[in-house]
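Everything on this sheet refers to the single structure shown next.
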Amino acid sequence: MKPFLCTLILLSLFKMSFAQKLTENLLIGTYTNTGMAKGIYSYGFNTANAKATQVQELDALNPSFLALAPDGRFVYAVNESGKTSTVSAFKYNKKTQKLEFINKVASAGTDPCYITVNAKHVFVANYSSGSLAVFNRMADGSITDEIQVIQHTGSGSDPKGRQKSAHVHMGIFSPDKKYFIVDDLGEDKVYTYKYHPEAKKEILTPYAVYKTTPGTGPRHIVFGKDGKFAYLVHEFNGRIAVLAFADGKFKEVEHVETVAEGFSGAIDGAEILLSADGKFLYESNRGDANTISVFSVAENGTLKLVETVPSLGKGPRSFVIDPTGKYLLVAHQYTKEIVVFKRSKATGKLSNTGKRIELGAAVCLVFAN
């Protein structure tokens, strides 16, 4: 009887372990001023059947962008709220998949839209004020008041008036962590700042500037797997610039369109993402397009269109590939669902699974692994 009981226990433990491996932790940031969402959401995403189960709904004001700390123990969110915008810190328990509020501080700017975290610092892109703020990160995960604010002061040539002033839209580290790269949609520029992790005040110092095509609005950038190339999506026309990267500086390789020739509607390029193996690049367009474009990446960094598919919703602001690489999830800002696509690892192509996460005004997706 004892051997039989032991076997049952071992089988039960094996099933539990297998089930846990199938579930990935998904965090979702939203706009709460729409009335369609209340804050930050935590889900368990089953990679066997693409089913998502809600774990937590945490009240927060317009947490439109989230970032997971490198150690996975803390999560940081911007709270996009005009001149009263803040940045919040949360403890994160991977086992329970729940968040616990730690503290929040003023974002040192207006309407923050992107946040980046490393072991020592938190970096916030303040869109409307056109500034980049740097904060210290404490051992308990809390954030200090800002220790540096870099104010951009230029403008662009967009005829619709979206470039009357600087609009910092994103900031990320270069692959070698020596530089911090900042996209300014309002100025049509990409700034390279040198990173000084041990400095007390001048954490970032100016190093180089890359000027994009006037009136295009650089929004998000992602680096290729080997760090030799970067891919920059422009909001106004959805165009992707392929850029060679060396010694903190960018050089144009090619431009690639993401809409068909003759398309006359609003494009509003949004997110850009590289698959973990570096073989495929994905880009989303909003506006009247509402599409996801898939490109294969050549060894010389250039892109070749694989397909463009409807995003199956309105306003595909953010998307993410799950840790297994099997699925691509698309968050729609204006329709009440996150669409789950099946992804081919061999071809990069997407197909509709029919699975949805019913949540409105979702604008940021993060797998918290």
Original post:
Please state the relative contact order of region 190-272 as a whole percent: Cα pairs under 8 Å, 6+ residues apart?
Top reply: 24
**OP:** Would you mind checking the tilt of helix 2-22 against the longest principal axis of the Cα atoms of the chain, expressed as 0 to 90 degrees and rounded to 10?
**Re:** 20
Original post:
What is the calculated FRET efficiency for LEU305 to LYS160, with r their C-beta to C-beta distance and R₀ = 35 Å, to the nearest 0.05?
Top reply: 0.80
Original post:
What net charge do the residues around ASP247 carry, taking every other residue with its C-beta under 13 Å from that of ASP247, with Lys and Arg at +1 and Asp and Glu at -1?
Top reply: +4
Subject >> Among 241-248, 182-189, 208-215, 298-305, the order from most to least packed when residues are scored by Cβ within 10 Å on average >> reply: 182-189, 241-248, 208-215, 298-305
Original post:
Considering the values (i) 20.7, 81; (ii) 22.4, 72; (iii) 21.5, 77, which represents Rg and Dmax of the Cα atoms in Å as calculated for the structure under consideration?
Top reply: (i)
Original post:
Taking the alpha-carbon centroid of each part, what is the distance from region 125-145 to region 36-98 in angstrom?
Top reply: 17
Original post:
Using 0.36 nm per residue, how much length does the chain from PHE367 to ALA266 gain when fully extended, once their Cα-Cα distance is taken away?
Top reply: 33.4 nm
Subject >> Mean Cα-pair separation over length for the chain, i.e. relative contact order, pairs under 8 Å, 6 or more apart, % >> reply: 11
Subject >> Cα shape, region 168-282, gyration tensor, a/c 1.5 rule >> reply: prolate
Subject >> Model label zone, LYS177; criterion: amide N under 18 Å from point 7 Å along Cα-to-beta-carbon; scope region 106-132 >> reply: 116-123
**OP:** In whole Hz, with x marking every Gly and Pro, tabulate ³J(HN,Hα) for region 343-350 from phi via Karplus 6.51 cos²θ - 1.76 cosθ + 1.60, θ = phi - 60°.
**Re:** 10, 7, 6, 7, 10, x, 5, 10
Subject >> Cut-off 13 Å between beta-carbons: net charge of the residues surrounding ASP183, Lys and Arg +1, Asp and Glu -1 >> reply: -2
**OP:** Can you check what the net charge comes to around VAL256, using other residues whose Cβ is under 12 Å from the Cβ of VAL256 (Lys, Arg +1; Asp, Glu -1)?
**Re:** -2
Subject >> Anisotropy class of region 243-350 from Cα gyration tensor, a/c 1.5 cut >> reply: oblate
Subject >> Computed helical MRE - 222 nm, the chain, DSSP H runs ≥ 4 contributing -39500 (n - 2.57), nearest 500 >> reply: -2000 deg cm²/dmol
Subject >> Under-5 Å amide H pairs with PHE74, H placed in peptide plane, nonlocal only >> reply: ALA69, TYR92
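Every number in this text was worked out from the coordinates using simple rules, so none of it is lab data. What you see is a predicted model, and the numbers here were worked out from it, not measured in a lab. Methodologically, a virtual Cβ is constructed for each residue, glycine included, from the backbone with ideal geometry; neighbour enumeration extends over all protein chains shown.
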